[in-house]
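Enquirer: Before anything else, here's the structure in question.
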Amino acid sequence: MADNPVASHYSNNQILESILSGLKKAGVDAGSVSVEDLGPVDEFHTGGRLATEHLLKDLHFDTHKQILDIGCGIGGTSRFLAHKFDATVTGIDLTSEYIAAGNTLNQWVSLEKRINLQCGDANNIPSDNASFDAAVMLHVGMNIEDKARLFTEVARLLRTGGTFAIYDVMQKSESEINFPLPWASDESMSFLEPVEHYKRCLEGAGFSIENTVGRGEFAENFFQKMFEAAKSSDGPPAIGLHLLVGPSIKEKMQNFSQAIFDGLVEPTEIIARKL
């Protein structure tokens with residue numbers, strides 16, 4: 001889907017080569033890569049693996065759950081779910097380079113039989129009704145304008161009682177935000193909404209809201225530590241999101257963090273359940 005502006009924003013043809021180079025610098029042999037080794041590069045959301053663990057820690061996914069990972073990127077959250085919960089995961093993402101790289105990474109960590117990453121549109125997922133026990137979506141809704149349609153599609157795919165765990169950047173102020181950002185080169189591909197809009201759309205799609213948690217303080221601490229580490233080092237870490245995003249990561253993260261510190265946006269968790 002290279003003609004899609006959102007897919008083009010994330011496009012990167014050197015993902016695997018960059019990760020291999022980073023692993024070598026970190027002293028990790030390519031033949032013995034673990035899910036933990038990949039964590040710093042393949043969890044493309046505020047707080048990375050720590051944020052994923054916080055979102056999922058009380059959801060009690062049982063063994064062999066069928067889970068949908070919406071906007072899976074290169075599959076970091078999918079690998080975490082398959083590894084930690086022994087789950088079977090289907091991931092969907094617009095960016096073909098992400099899917100190709102992610103499926104190769106699944107092979108590196110011997111999870112290719114548990115994870116299937118597919119290139120496609122989250123508003124039109126090629127799976128049967130009630131195919132999944134749970135769905136997760138981490139830092140994806142900012143790129144999707146019609147959230148009511150998205151949540152209706154997720155509701156179609158979930159079994160009754162299924163959990164939907166969301167961790168998105170949500171709007172707190174209508175003041176202008178500086179671009180580029182990690183999820184958007186300009187305002188034409190950024191669709192920030194307040195948490196109240198998410199809740200209305202979820203409830204309209206047939207979900208009940210079980211919990212909402214603002215993660216603004218966590219995000220501020222995350223960025224403060226990131227910038228302090230950058231000041232005290234001679235360059236970026238061997239493994240990090242710069243391998244996925246490229247040189248523009250610095251400006252994008254600066255703009256994003258400033259929006260958080262200024263109170264314009266806040267990473268927020270929502271746990272919903274299909275009625």
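The values are calculated or read from the model by the stated rules, or taken from the named source; none is laboratory data. Given the structure is predicted, the values throughout are model-derived calculations rather than measurements. So basically every Cβ, Gly included, is an ideal-geometry build from the backbone, and we count neighbours across all protein chains shown.
Enquirer: State all residues of region 45-57 that are out of contact with any strand residue (DSSP E or B) (no Cβ under 8 Å at 6 or more places or on another chain) and either in a loop (DSSP other than H, G, I, E, B) or not basic (Lys, Arg) (or both); if no residue qualifies, say none. Walk me through how you get there before you give the answer.
Expert: Residues of region 45-57 out of contact with any strand residue (DSSP E or B) (no Cβ under 8 Å at 6 or more places or on another chain): 48-50, 53, 57.
Result: Gly48, Leu50, Glu53, Lys57.
Enquirer: So, of the residues in region 165-176 that are over 21 Å from the mean Cα position of the chain (by Cα) and touching a residue at least 24 places away in the same chain (Cβ under 8 Å), which turns out to be nearest to Leu138 (Cα to Cα)?
Expert: This residue is Ser173.
Enquirer: Separate question: Just for region 93-123: of the residues that are outside any loop (DSSP other than H, G, I, E, B) and under 14 Å from the mean Cα position of the chain (by Cα), which one is nearest to Gly71 (Cα to Cα)?
Expert: Asp93
Enquirer: Among the residues of region 136-161, write down those that are small (Gly, Ala, Ser) and surrounded by 24 or more Cβ atoms within 10 Å (Cβ to Cβ).
Expert: Gly141
Enquirer: Okay, moving on. Are any residues in region 100-128 surrounded by 15 or more Cβ atoms within 10 Å (Cβ to Cβ), over 24 Å from Thr152 (Cβ atoms) and either touching a strand residue (DSSP E or B) at 6+ places or on another chain (Cβ under 7 Å) or polar (S, T, N, Q) (or both), and if so, which ones?
Expert: Gly102, Asn103, Thr104, Asn106, Arg114, Ile115
Enquirer: For Ala238, work out the one condition from (1) part of a strand (DSSP E or B); (2) small (Gly, Ala, Ser); (3) surrounded by 13 or more Cβ atoms within 10 Å (Cβ to Cβ) it doesn't fulfil.
Expert: With respect to (1) part of a strand (DSSP E or B); (2) small (Gly, Ala, Ser); (3) surrounded by 13 or more Cβ atoms within 10 Å (Cβ to Cβ), Ala238 is out only on (1).
Enquirer: Looking at Gln254, Gln171, can you tell me which residue is closer than 27 Å to Ser18 by Cα and modelled with pLDDT of 95 or more?
Expert: Gln254
Enquirer: For Thr63, work out the one condition from (1) surrounded by fewer than 16 Cβ atoms within 10 Å (Cβ to Cβ); (2) among the hydroxyl-bearing types (Ser, Thr, Tyr); (3) touching a Gly at 6+ places or on another chain (Cβ under 7 Å) it doesn't fulfil.
Expert: (3)
Every residue, every condition in (1) farther than 16 Å from Leu68 by Cβ; (2) of a type in the set (Asp, Glu), yes or no:
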position	(1), (2)
Asp146	yes, yes
Phe151	no, no
Ser173	yes, no
Leu192	yes, no
Tyr198	yes, no
Cys201	yes, no
Phe218	yes, no
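Enquirer: Looking at (1) over 19 Å from the mean Cα position of the chain (by Cα); (2) in contact (Cβ under 8 Å) with a residue 40 or more places away in the chain; (3) closer than 30 Å to Ala155 by Cβ; (4) surrounded by fewer than 18 Cβ atoms within 10 Å (Cβ to Cβ), which one does Glu251 not meet, given that it meets all the others?
Expert: Failing condition for Glu251: (3).
Enquirer: Anything in region 1-25 that is part of a loop (DSSP other than H, G, I, E, B) and either at pLDDT 90 or above or exposed (fewer than 13 other Cβ atoms within 10 Å of the Cβ) (or both)? List them, or say none.
Expert: Scanning region 1-25 gives Ala2, Asp3, Asn13, Gln14.
Enquirer: For Thr90, are the conditions met, namely being in a helix (DSSP H, G or I), touching a Phe, Trp or Tyr at 6+ places or on another chain (Cβ under 8 Å), of a type in the set (S, T, N, Q) and buried (at least 17 other Cβ atoms within 10 Å of the Cβ)?
Expert: For Thr90, the condition - in a helix (DSSP H, G or I), touching a Phe, Trp or Tyr at 6+ places or on another chain (Cβ under 8 Å), of a type in the set (S, T, N, Q) and buried (at least 17 other Cβ atoms within 10 Å of the Cβ) - is not met.
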